[in-house]
There are 2 protein chains.
Amino acid sequence: LGPVAVFGASNFPLAFSVAGGDTAAALAAGCPVVVKGHSAHPGTGEIVAQAIDAAIKATGVHPGVFSLVQGGKRDIGTRLVQHPLIRAVGFTGSLGGGRALFDLCAQRDEPIPFFGELGSVNPMFILPRAAAARGVEIGAGWATSLTMGAGQFCTNPGIAVIIAGPDADAFQSAAEAGLSSVDDQTMLTDGIAAAYRDGVSRVAAGTGVSKVMGTGCDGRVSAPYLFTVSGDDWLADHKLQEEVFGPLGIIVRVKDIEQMQQIARAIEGQLTCTLHLDEDDKPAAQALLPLLERKAGRLLANSFPTGVEVCDSMVHGGPYPASTNFGATSVGTLSIRRFLRPVCYQDIPSDLLPEKL
Amino acid sequence: LGPVAVFGASNFPLAFSVAGGDTAAALAAGCPVVVKGHSAHPGTGEIVAQAIDAAIKATGVHPGVFSLVQGGKRDIGTRLVQHPLIRAVGFTGSLGGGRALFDLCAQRDEPIPFFGELGSVNPMFILPRAAAARGVEIGAGWATSLTMGAGQFCTNPGIAVIIAGPDADAFQSAAEAGLSSVDDQTMLTDGIAAAYRDGVSRVAAGTGVSKVMGTGCDGRVSAPYLFTVSGDDWLADHKLQEEVFGPLGIIVRVKDIEQMQQIARAIEGQLTCTLHLDEDDKPAAQALLPLLERKAGRLLANSFPTGVEVCDSMVHGGPYPASTNFGATSVGTLSIRRFLRPVCYQDIPSDLLPEKL
């Protein structure tokens, strides 16, 4: 395609930043890369860039294949995506920042694709038999997944949907116990910590939302929060499905399987959706799956979505606002496709074709 | 994905309209289709829609999989691409109309992909040995390709680049003779005929442009036009590379192979680029190909781009403004990809997976 601009993630200074997945995919596709270093880790970015420069020198690759730009407020990113030589953009970050850059890319004289991964709340649906048989275990597992890395994962499961009743109570108690045993964690940046506090306040202020636990946050230190809300109240308040980046969980207590399906219909695009199910939950799962397939890039059963594997079958993308480009993934081997363009050769003499053909 | 909106082409009432390639690709991907019928052929559109309805009844498919809307000015198309249930758009038409709809799609609360095929001038590069050996033959072939269907093809080769000199003169004479032998042709609509007349005037008014032939157009009847211009003048006037939809050819007489490469660097995104070359032209072709690969969806040697085959290797797309989505094709089996989204199933019990897995 030509040069690709990469905006790395704040939460992955190595795996998804200067030399991360987007950079690897673009270079593998034969596109030079210009990385906008994330302001959360300029030093790490610089060290990684020096390592890349050393590799370029050692291998004799043209030095123009890689550049790092750092600093600035929004102006640097804005100018980068508007530069006429930039042909595509890979971005990992917030919905607000991503949408602003997406709009700039679409408004160019020559529009270019913006592959933005903007996060999601990754709902888990706990079906009745699984809740009865393993509610406590699932609740404890959720607490671990929700607080991994202080909840600073795109695939953090922020919402658990379960039918109200004693099984939901047991699940909630287990989650609360799990979350209570987590030590205070330090968030990656002041900005993330401040946004987390705002998110906690927003959720706490929702109609019908009860706080189960949460002891406050100070400076960069975050404590986990757990809230509960009825299915009716959740459905009535769109803001309760907005991502809170950090260790915050909401238990949505629905009336019945029907209302669980209503939730599945109401959710926006997600990176992941998870089902917890037992053998006898299969009819309920069969009704839910066609709804969830429409909403997510990755569907899981009886596990937790935090963490991904870089493999052929991975999809780390999903309908908007999880990502801006539903056919694309930023993790896994399919990620190279974002930066490739098909060309058809008709009657070209074979000695003029690209070597690989 | 969900419902797809299809805007068919004015110039292909059957192959690329109500039941054309976009509709077939979307239905094959499992997406219901809403076609905006083209105002150039409402009756044909209606008859085709009735045939589809009959097929739906005969096969017991849900009638919601297909709808045709007709009439209106721009308002119907605008509302269609803004409808929250529409998930993607396939469009074949003008750069102006396509860009307007693209912008609406990108500005939605939930942006959706717009797969627009907006046409191009499909330049041909005639290398020196081929010009010397077969200039007359290529000129005659060009005249045939340029006037096929009164030039109303997206892949119509509107520009021929050749090194100035006696071989270019011979090529030009042959093209002129070929074009002169074409009878008057009737264009598909009054609008296309009027736009063609405007295009003729625009090219004729270009600095350094000489008219070789062209006897005027009246009402819907179009006559072929042939112009010639130097490489310097063409490079100085960006408007000379804008598409004129109809049987109009421009011969760009360049100084040398270097200037031919300059032209290749200067052209915008194209559906096709064509090389005419002989054995001894290969070094020149090797220098041109890497430039042209960046600019087109389909590269041809020693043939003419008008007409496409629906096959696995076809690419009917290219960098903007040839199309709005460089990774996509509207013709060929790859066209289904536009309307598919990858989903990753992790640990889902095998009896819950989609049947095809």
(Q) What figure, in Å² to the nearest 10, do you get for the accessible area of A:Ser230 with a 1.4 Å probe and non-protein molecules left out? (A) 40
(Q) Charges on Cβ only, +1 for Lys and Arg, -1 for Asp and Glu, centred on the Cα centroid of the protein assembly as shown; of B:Gln259, A:Ala28, B:Ala40, which one is farthest towards the dipole's positive end? (A) B:Ala40
Q | Helix-only CD estimate at 222 nm, as mean residue ellipticity for chain B, using -39500 (n - 2.57) per DSSP H run (n ≥ 4) | A | -11000 deg cm²/dmol
Q) Can you pull out the GluC sites (Glu not before Pro) in the range A:256-285 that DSSP calls coil and that have at most 12 other Cβ atoms within 10 Å? A) none
Q) So what is the relative contact order for the range A:1-133, in percent, with contacts set as C-alpha pairs under 8 Å and at least six apart? A) 26
Q: Determine the distance separating the Cα centre of the range A:261-323 from the Cα centre of the range A:153-214; give it in Å without decimals.
A: 20
Q) Where both residues lie in chain A, what percent of DSSP beta bridges are antiparallel, nearest 5? A) 15
(Q) Connecting C-alpha atoms closer than 10 Å in a GNM of chain B, tell me which of B:Arg99, B:Arg108, B:Arg337 has the biggest fluctuation. (A) B:Arg108
(Q) Using a label point 7 Å beyond Cα on the Cα-Cβ vector, give me the inter-copy distances for A:Asp351 in nanometres, one decimal, shortest first. (A) 6.3
Q: Pull out a ≥ b ≥ c, the square roots of the eigenvalues of the alpha-carbon gyration tensor of the range A:161-249, then state rounded if a/c is under 1.5, prolate if not and a/b is larger than b/c, and oblate in the remaining case.
A: oblate
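Treat every Asp and Glu Cβ in the range B:18-128 as -1 and every Lys and Arg Cβ as +1, leave all other atoms uncharged, and give the resulting dipole magnitude about the Cα centre to the nearest 20 debye.
120
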Q) Which whole-number percentage describes the relative contact order of the range B:123-301, with Cα contacts under 8 Å and a sequence gap of 6 or more? A) 29
Q: Search the structure for amide H atoms under 5 Å from the amide H of A:Tyr345, placed 1.01 Å from N in the peptide plane, and list their residues when 5 or more places away or on another chain.
A: B:Leu299
Q | Isotropically averaged projected area of the range B:123-301, using the convex hull of Cα atoms (one quarter of hull area), nm² | A | 8.9
Q. Out of the range B:1-97, which trypsin sites (Lys or Arg not before Pro) are coil in DSSP terms and have no more than 12 other C-beta atoms within 10 Å?
A. B:Lys73
Q. Pick from B:Pro128, B:Pro32, B:Pro111: which is most flexible by mean-square fluctuation in a GNM of chain B where alpha carbon atoms under 10 Å apart are linked?
A. B:Pro111
Q) Where the centroid of each part is defined by its Cα atoms, how far is the range B:3-58 from the range A:91-110 in Å? A) 33
Q. In percent, what relative contact order does chain A have, based on Cα pairs under 8 Å that are 6 or more apart in sequence?
A. 17
Q) Roughly what % of Cα-Cα distances in the protein assembly as shown sit above 43 Å, to the whole percent? A) 34
Q) Of the accessible area of the range B:123-301, with the probe set at 1.4 angstrom, what percent is carbon plus sulfur? A) 50
(Q) At a probe of 1.4 Å, how much accessible area disappears from chains A and B on forming the pair, both sides counted, to the nearest 100 Å²? (A) 4300
Q: Just list whichever of A:Lys73/B:Lys295; B:Lys255/B:Lys295; B:Lys36/B:Lys356; A:Lys356/B:Lys282; B:Lys255/B:Lys282; A:Lys295/B:Lys295 have alpha carbons separated by over 27 Å in the model shown.
A: A:Lys73/B:Lys295; B:Lys36/B:Lys356; A:Lys295/B:Lys295
(Q) List, shortest first and in nm to one decimal, how far the label point of B:Gly216 (7 Å from Cα along Cα→Cβ) is from its counterparts in the other copies. (A) 9.0
**Q.** For the range A:335-357 and the range B:121-141, distance of Cα centres in Å
**A.** 24
Q) Using heavy-atom solvent-accessible surface (probe 1.4 Å) with all chains present, what is the largest-first order of A:Thr44, A:Thr186, B:Thr155? A) A:Thr186, A:Thr44, B:Thr155
Q. Shortest first and in nm to one decimal, what separations exist between A:Ala177 and its copies in the other chains, measuring from label points 7 Å along the Cα-to-beta-carbon line?
A. 9.6
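Given a 1.4 angstrom probe, what's the average accessible area per residue across the range B:166-215, in square angstrom?
Working: 2540 Å² over 50 residues.
Each residue of the range B:166-215 exposes 51 Å² on average to a 1.4 Å probe.
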Q. In the range A:280-299, what residues drop by 50 Å² or more in accessible surface going from the chain by itself to the full protein assembly, probe 1.4 Å?
A. A:Lys282, A:Leu289, A:Glu293, A:Arg294, A:Leu299
Q: Would you be so kind as to list the residues of the range A:326-342 that have their accessible area lowered by at least 20 Å² in the full protein complex compared with their chain by itself (1.4 Å probe)?
A: A:Phe326, A:Gly327, A:Arg337, A:Arg341, A:Pro342
Q. What does the charge add up to near B:Phe339, with Lys and Arg as +1, Asp and Glu as -1, over the other residues with Cβ less than 14 Å from its Cβ?
A. +4
Q) Quick one: putting +1 on the C-beta of Lys and Arg, -1 on the C-beta of Asp and Glu, what dipole do you get for the range A:123-301 around its Cα centre, in Debye to the nearest 20? A) 280
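Is the shape of chain A rounded, prolate or oblate, going by the alpha carbon gyration tensor and its root eigenvalues a ≥ b ≥ c, with a/c under 1.5 for rounded and a/b larger than b/c for prolate?
Note, shape of chain A comes out prolate.
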Q. When chain A is turned about an axis onto chain B, which of its residues keeps its C-beta closest to that axis, and how many Å is it?
A. A:Ala106, 2
(Q) Looking only at the range A:123-301, where both bridge partners belong to it, what percent of the DSSP beta bridges are antiparallel (to the nearest 5)? (A) 20
Q. For the range A:48-55, what does the Karplus curve 6.51 cos²θ - 1.76 cosθ + 1.60, with θ = phi - 60°, yield as ³J(HN,Hα) per residue in whole Hz, taken in order and with x for Gly and Pro?
A. 5, 4, 5, 5, 5, 4, 4, 5
Q. What's the FRET efficiency of B:His238 with B:Leu357 using the Cβ-Cβ distance as r and R₀ = 45 Å, to the nearest 0.05?
A. 0.35
(Q) Using the Cα centre of chain A as origin and beta-carbon charges of +1 (Lys, Arg) and -1 (Asp, Glu), tell me which of A:Ser17, A:Ala131, A:Ala322 is placed farthest towards the positive end of the dipole. (A) A:Ser17
(Q) Which one, A:Gly30, A:Gly119, A:Gly216, has the greatest fluctuation when you compute a Gaussian network model over chain A with C-alpha springs under 10 angstrom? (A) A:Gly216
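The values are calculated or read from the model by the stated rules, or taken from the named source; none is laboratory data. All values derive from a computational prediction rather than experimental measurement. All Cβ positions, glycine included, derive from the backbone under ideal geometry; neighbour counts span all protein chains shown. Side chains included, ligands, DNA and RNA excluded: accessible areas come from the protein's heavy atoms. Shrake-Rupley method; radii C 1.70, N 1.55, O 1.52, S 1.80 Å.
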